[in-house]
Structures are given as C-alpha cells and as structure tokens.
Amino acid sequence: MENVEVFNSEAKGRGLKATQDFWAGDVIFAETAYAAVVFDNLTNCVCHTCFKRQEKLQRCGQCKFAHYCDRTCQKESWVNHKHECAAVKKVGKAPNENIRLAARILWRIEREGGSLTEGCLVSVDDLQSHLENFDQEEKSGLMEDVQSFLEYWPSQSKQFGMHYVSHIFGLISCNGFTLSDQRGLQAVGVGIFPNLCLVNHDCWPNCTVIFNNGNHEAVKSMFHTQMRIELRALGKINKGEELSVSYVDFLNLSEDRKQQLKKQYYFDCTCEHCTKKIKDDLLLDVKDGEPKPSESVIKEVIQFSKDAMEKIDKARSEGAYLR
Ligand SMILES: [Zn+2]
Ligand SMILES: [Zn+2]
Ligand SMILES: [Zn+2]
C-alpha cells in the first residue's frame, strides 16, 4: 500500500491520497476481500472462492452448501469456510447472505482480532457503520438480522456483544461491495474490502474499481492468482491528489444522486458537479431550434428511464439477459 496514504479532510473525514503520479489505467492498489459471500440465489452455480460462474461445480461433501470450481478453490476457501461448514451442517440450512457475511467477518475477527490486519490501512472495528443514522425501518431490519445471526452462531465460537454484532451489520450495509462473475455481467456476491472503504465518493471520480476473479488455471499453484478488486486511475492523477470513486450512477441528475447518497451512505454530496449542478442541463437538454418539452413529458421520460434502469439492475442480478 505504498502508493497511497490515509489523510483527514475537513469536509469528508478520512480519505486516501496518491503518494505518486498515476496515468489512466494504472492499478493504484489491489486488495483481496476481508470476507465475501455468494448471493443466496446463486450458491449452486458460482464458486464460493473465486466467484466465477461455472457449468459444473464441486460441492463441499460436508455441508453440501458450498460449491467450488476445483480442489484449488476448495483448499483456498477452507480457512474461511471451516466454521461456516460446521454451522450450516448443524442448523441444517444456510442463512441469508447478510448473516453469512457477518459470520465470516466475525470468525475472522475471532481468529485475528478486530484491529489492523496485514495489508489493511483501516481495521474492521474502525469502519463506518452509521448505526446512529438508521431510521425505524432500518433498525427493525437490523434486529431481525441480529436475531437470525444468533440462531446461526455456534455456542463454541467466541461470543460477541449485541452492539458489536450490530456494528458488523451496519458496516456491511454501507461498505459492502458487489462482486461480479468472470464475464463482468452478473452481480454474484458481496464482499468487504477495508482499504477500498477509505476511498471517498465524487460524482466525477478520478478512479474506478475493477473486480478481478483471479486465475486458477495454471498447473503450478504459485502461478494462481486470487480474486481481488483493483483500484484503477481514470486519468492523470498527481501525487498528493485525493482518490475518489463514484458510489452511484453519474447518469442520474444531481438531485437524484444526492438522495441516493443520503439514503444509502448518509452524507450530502458536496462535490463540484453537485454544488454547481454541472452537466444536469446536458442531461435535460434538447437540440438547438427544437421547442423545450413540457414538464409532464420530461417527468414521463425520466420515469421511463428509471423503470428501465431498474429492469437492467434486476436482469444483472438474475443474469437473465434474454427476456
Ligand atoms: Zn473458483
Ligand atoms: Zn462445507
Ligand atoms: Zn456529487
């Protein structure tokens, strides 16, 4: 992590800045997941280690729940799957993805402690959970999760306090990063990448995140690569400049982006594009010489686009493109 350093900005709190120059496409850092799980509806068709979608997967003989490409993926996963395997076997079925992810995080904390782990600039204890910002509905959702978690968590594992378990669920909801299959087309899982969590949002970011599933095809295991995210520069970034990614779709109008950022990440975007509403006019503009459409037509088109985006999102999570 010699390419970046943590700093404190007055407006946004913690952030990351570059400690050297970067050019478009450069990998600023790569990071393996602290913990990650496959989505509930895909546990049989996506590898639980590398998140590749495969025709044929091998099933864990113990719990019959986890699936892997091959022995390499299965072996690599054992340290993270060991307790999960026993718990799923005992309970008789796997809980939902949120509970599974929280449990994987907590087993790792049991193993290594919650403070700084190697290669991380921030500890899991220190990640934002925004519990104080939760509204009633979010709070009751959280209570349900904690309840299901307690039914799943084995008595012989370390027992954590309610507040700590809630912190884990909170950090999953505002820091969880969606993982895609090897085609990059389908959202197949969710993971926590602590260093990535330090990169602040900007609606006009200078970086983007690429998910790399890794490669286990080499005969020698030393040439295998692990699944990871890569933070890549979108253009020239100067030494000392803050690194940013966009948490939301820039094609939304600044007002819509602001709402979404507030709802999911609990902050008011003060980036240049939002404060000056840059490019909003472009998104709403018409060709020269043509009359401006009426308010109601604009509303209709925006609604249509939103519905279409929802459908695309749904297709993406279900991997169904032919409908
Ligand atoms: Zn695999
Ligand atoms: Zn198993
Ligand atoms: Zn903004």
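Please treat every number below as a calculation from the coordinates, not as lab data. Since the structure is predicted, the reported quantities are computational estimates derived from the model, not experimental observations. In this analysis, Cβ positions are derived from the backbone assuming ideal geometry, glycine residues included, and neighbour counts consider all displayed protein chains.
Tabulated data
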read-out	value
Cα gyration tensor, the range 79-171 - rounded (a/c under 1.5), prolate or oblate	oblate
Fully extended contour minus Cα-Cα distance, from Met222 to Gln136, at 0.36 nm per residue	26.0 nm
Derived scalar couplings ³J(HN,Hα) [the range 158-172; Karplus, 6.51 cos²θ - 1.76 cosθ + 1.60; whole Hz; x for Gly, Pro]	4, 8, 9, x, 3, 5, 5, 4, 4, 4, 5, 5, x, 5, 5
Spin-label proximity, Asn96 to the range 150-173 - amide N less than 19 Å from point 7 Å beyond Cα toward beta carbon	150-153, 165-173
Residues whose placed amide H lies under 5 Å from that of Gln20, excluding near-sequence neighbours	Gly240
For the chain, built as a Gaussian network whose Cα springs stay under 10 Å, the top-fluctuating residue of Ile99, Ile312, Ile28	Ile312
Lysines whose Cα lies under 27 Å from that of Lys239, excluding same-chain neighbours fewer than 8 positions away	Lys12, Lys17, Lys276
Interchain or long-range residues, amide H under 5 Å from Phe65's placed H	Cys60
Residue-wise HN-Hα coupling along the range 233-239, computed from phi with Karplus coefficients 6.51, -1.76, 1.60 (Hz; x: Gly, Pro)	6, 8, x, 5, 10, 8, 3
Neighbour-count order for Val219, Val146, fewest beta carbons within 10 angstrom listed first	Val219, Val146
Whether the chain is rounded, prolate or oblate, judged on the alpha carbon gyration tensor where a/c under 1.5 counts as rounded	prolate
Residues Tyr152, Tyr68 arranged by fewest to most Cβ contacts within 10 Å	Tyr152, Tyr68
Estimated vicinal HN-Hα couplings, Hz - the range 129-143 in sequence order (Karplus 6.51, -1.76, 1.60; Gly, Pro = x)	10, 6, 4, 5, 9, 5, 8, 3, 4, 5, 5, 5, x, 4, 4
Candidates Phe304, Phe267, Phe193, ranked by Gaussian network fluctuation over the chain, Cα under 10 Å, top entry	Phe304
Neighbour-count order for Glu151, Glu10, Glu242, fewest beta carbons within 10 angstrom listed first	Glu10, Glu151, Glu242
Global form of the range 132-291, assessed from the alpha-carbon gyration tensor, a/c cut-off 1.5	oblate
